[in-house]
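**Q** Please see the structure below; I have some questions.
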There are 2 protein chains.
Amino acid sequence: MAKSDSLHHFQGIDVSQAGSASSIVFETLKQAIITGELKDGTPLKQEELAKKFSTSRIPIRESINRLEQEGLVKTIRYKGAVVASISLKEVEEMFDLRALMEREVMLKAVPNLTDDQIDEAEKYCHEFASAQTSGDWTDTNRKLHHALFQASDMTFHLSVLNTIYDRTERYLRAQLSFSNGADRAVEEHHTLIELCRARDAAGAAELMFQHVKHAKRSLLEFLPQDSE
Amino acid sequence: MAKSDSLHHFQGIDVSQAGSASSIVFETLKQAIITGELKDGTPLKQEELAKKFSTSRIPIRESINRLEQEGLVKTIRYKGAVVASISLKEVEEMFDLRALMEREVMLKAVPNLTDDQIDEAEKYCHEFASAQTSGDWTDTNRKLHHALFQASDMTFHLSVLNTIYDRTERYLRAQLSFSNGADRAVEEHHTLIELCRARDAAGAAELMFQHVKHAKRSLLEFLPQDSE
DNA sequence: TTATTGTAGATTGGATCCAATATTGATAGG
DNA sequence: CCTATCAATATTGGATCCAATCTACAATAA
């Protein structure tokens, strides 16, 4: 009963009102993992979740399958599923890839950016600067990046970037709960907006690259723990 | 009965001997889609597949879910699943990303390559040159690239690359059935091996980049059809 | 005491049944 | 002849039941 109380968040969530049960469970669990509500290693027991969501185990199983395919959980046959942890090496890789990809995306996006889009990005830029909780921080950060990326029309790149964001967000949140290492990011974001307004694609792309590399470095300083 | 005969390949495949039913069905379907045995738009009917695999619909549904998460099928609620097609724009994007990533991977791999690994790659290089069917071609091509990539120890990058290979292979096969545009590739592969032996990481990386860009170009020449 | 074995409980994997929805074809009206 | 509506069928989504496997703990023997 009190054995595993880490899923108390889902109290009262019911499925019988919108889309398919599977997709609701999937989105809810995914969000809980991304935000860190469900910590690394938390076992996801089908029966338990079925009760929380007031459904049978079928939609739960489908959700867990999909989550595993996205790399967010890891299951062992007849043993069960747990929230997947991520190694330091993988974090590094993901940030390196982010840097590489976001540079390319910016290169294509900047020439297509409308003034409205830049205004929107700047709005998020300010929200970002005044964000208080780590949740607000990551949310506005994602919105800001996304607003700039939209103009690139590189849907596949963006989908890959999204999975990287999904899989690293909880670690970013953890970092930001401790340090307030967002100062440099705020500065870089403002400069980024300026470069976009000037339609300096190469400059914006290069700054984005460095921006992500900086984020990687400050995150790694805060993850000296295990490596799995 | 003769209505949809595009799944006749699975005759006799039975599930009751190895891993979980789900994973067997998943791998089999995935391979069939990758190779092009199941063409774009082919509907995947659960009952029909359940009979072919001698199981219930449950493992079929799980497989389809996982395939959808990998982008290989597309399902509509209460309507069914079909083999996902891919737009020209996505093909372009995937090859651009491949070029970008494989350059980075080579940059890290070359200094770590052992002589044995290079020998292995060269073996595939020769197999590739003498491959007859489009299946042999893509197989050895993948093996060759993979052999070189292993030394990079960039597991996440490789997983992304694998999904790109998975989602584009059938189009490459189709191309190679028509043209024999592999001549240039053979040449580039040999040069690539030379550069690896010389431990010229920058050179190998740059050649790999161009190699993928060339592949992209010759593929696009053969896909002037629809765009969806 | 310690290692081993066996049994009971818990948990996941798969099969079958029912519910919800879409598709198709027939029929009636214009 | 064409169109619209409605019933019949096909197909997917979800619930419940059974099977297979793992885990924990106790009993027994060295």
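Where a number appears in this text, it was derived from the coordinates with a stated rule and is not lab data. Bear in mind the structure is a predicted one, so any value in this text is a computation, not a measurement. We place every Cβ from the backbone using ideal geometry, glycine too, and count neighbours over all the protein chains shown.
**Q** Which residue in chain A puts its Cβ closest to the axis that rotates chain A onto chain B, and at what distance in whole Å?
**A** Per the A/B rotation axis, the closest residue of A reads A:Gln69, 2.
**Q** Here's something else I'd like to know. So what's the net charge close to A:Asn65: Lys and Arg +1, Asp and Glu -1, counting the other residues with Cβ under 11 Å from its Cβ?
**A** It works out to a net charge of -1.
**Q** Pull up all non-local amide H partners of B:Ala84: gap of 5 or more, or a different chain, and H-to-H distance under 5 Å with H placed in the peptide plane.
**A** Those lying under 5 Å, H to H, from B:Ala84 are B:Gly41, B:Val73, B:Lys74.
**Q** I'd like the Karplus ³J(HN,Hα) series for segment A:72-89: coefficients 6.51, -1.76, 1.60, θ = phi - 60°, whole numbers in Hz, and an x wherever there's a Gly or Pro.
**A** 8, 10, 10, 10, 10, 3, 6, 10, x, 10, 10, 4, 6, 8, 9, 7, 4, 4
**Q** Next up: Once the label point is set 7 Å along the Cα-to-beta-carbon vector, what list of distances in nm do you get between A:Gly135 and its counterparts in the other copies?
**A** 5.3
**Q** Normalised by the number of residues in segment A:52-103, what is the relative contact order in percent for Cα pairs under 8 Å and 6+ residues apart?
**A** Once divided by the residue count of segment A:52-103, the mean separation gives 18 percent.
**Q** Taking each residue in A:106-114, count the Cβ atoms of any other chain within 10 Å of its Cβ, then average. What number comes out?
**A** 0
**Q** Given contacts defined as C-alpha pairs under 8 Å and at least six residues apart, what's the relative contact order of chain A, whole-number percent?
**A** Computed over chain A, the figure is 23 percent.
**Q** Around B:Gln117, with a cut-off of 13 angstrom between Cβ atoms, what is the net charge of the other residues, counting Lys and Arg +1 and Asp and Glu -1?
**A** Net local charge, B:Gln117 excluded: -2.
**Q** State whether the protein assembly as shown is rounded, prolate or oblate according to the following rule on the C-alpha gyration tensor (a ≥ b ≥ c being the square roots of its eigenvalues): a/c under 1.5 gives rounded; otherwise a/b larger than b/c gives prolate, and the remaining case gives oblate.
**A** Since a/c reaches 1.5 but b/c is at least a/b, the shape of the protein assembly as shown is classed as oblate.
**Q** Whole-Hz Karplus ³J(HN,Hα) for segment B:47-54, in order, using 6.51 cos²θ - 1.76 cosθ + 1.60 and θ = phi - 60°, x for Gly and Pro?
**A** 4, 4, 5, 4, 5, 4, 8, 6
**Q** Can you list the distances in nanometres, one decimal and ascending, from the A:Glu27 label point to the identical position in each other copy, with the point 7 Å along Cα to Cβ?
**A** Here A:Glu27 shows inter-copy label distances of 3.5 nm.
**Q** FRET efficiency for A:Arg217 and B:Lys39, Cβ-Cβ distance as r, R0 = 45 Å, nearest 0.05?
**A** According to the calculation, E is roughly 0.45.
**Q** At 7 Å along Cα-to-Cβ for each site, give me the label-to-label distance between A:Asp136 and B:Gln117 in nm.
**A** 4.7 nm
**Q** Next question, about the same structure. When the dipole is taken about the Cα centre of chain A, and only Lys, Arg (+1) and Asp, Glu (-1) are charged at their Cβ, what size is it in debye, to the nearest 20?
**A** 1000 debye
**Q** Each label point is 7 Å from the Cα along the Cα-to-Cβ direction; what then is the distance between the points at A:Asp153 and A:His126, in nm?
**A** Simple spin-label model gives 3.1 nm for this pair.
**Q** Classify chain B as rounded, prolate or oblate from the Cα gyration tensor: take a ≥ b ≥ c as the square roots of its eigenvalues, call it rounded if a/c is under 1.5, otherwise prolate when a/b beats b/c and oblate if not.
**A** Prolate, since a/c reaches 1.5 and a/b exceeds b/c.
**Q** Set the bar at 20 Å for Cα to Cα. Now go through A:Lys52/B:Lys74; A:Lys89/B:Lys213; B:Lys30/B:Lys216; A:Lys30/A:Lys51 and name every pair that lies beyond it.
**A** Over 20 Å apart, Cα to Cα: A:Lys52/B:Lys74; A:Lys89/B:Lys213; B:Lys30/B:Lys216.
**Q** Still on this structure, I have one more. Considering only B:Phe95, B:Ser130, B:Asn141, whose Cα is most displaced toward the positive end of the charge dipole of segment B:88-221, charges sitting on Cβ of Lys, Arg (+1) and Asp, Glu (-1)?
**A** B:Phe95
**Q** Which of rounded, prolate, oblate describes segment B:149-222, given a ≥ b ≥ c as roots of the alpha-carbon gyration tensor eigenvalues and a/c under 1.5 marking rounded, otherwise prolate only if a/b is larger than b/c?
**A** Judged from the Cα gyration tensor, segment B:149-222 comes out oblate (a/c at least 1.5, b/c at or above a/b).
**Q** Restricting to DSSP loop positions (anything but H, G, I, E, B) with no more than 10 other Cβ atoms inside 10 Å of their own Cβ, which chymotrypsin sites (Phe, Trp or Tyr not before Pro) remain in segment B:24-90?
**A** B:Tyr78
**Q** Per residue of segment B:127-135, in order, report the coupling 6.51 cos²θ - 1.76 cosθ + 1.60 (Karplus, θ = phi - 60°) as ³J(HN,Hα) in whole Hz, putting x for Gly and Pro.
**A** These are the phi-based 3J(HN,Hα) values: 4, 4, 5, 9, 5, 9, 7, 5, x Hz.
**Q** List the distances, in nm and shortest first, from the label point of A:Gln69 to the matching label points in every other copy, placing each point 7 Å from Cα along the Cα-to-Cβ direction.
**A** 0.7
**Q** P(r) for segment A:88-221: what percent of alpha-carbon pairs falls in each 10 Å bin, starting at zero?
**A** All Cα pairs, binned at 10 Å, distribute as 13, 48, 35, 5 percent.
**Q** What is the sum of charges around B:Gln46, taking Lys and Arg as +1, Asp and Glu as -1, for the other residues whose C-beta is under 9 Å from the C-beta of B:Gln46?
**A** So the surrounding residues net to +1.
**Q** Using just the C-alpha positions of segment B:8-83 as equal point scatterers, what log10 of I(q)/I(0) does the Debye formula give at each q in 0.14 1/Å?
**A** Taking Cα atoms of segment B:8-83 as identical point scatterers yields -0.37.
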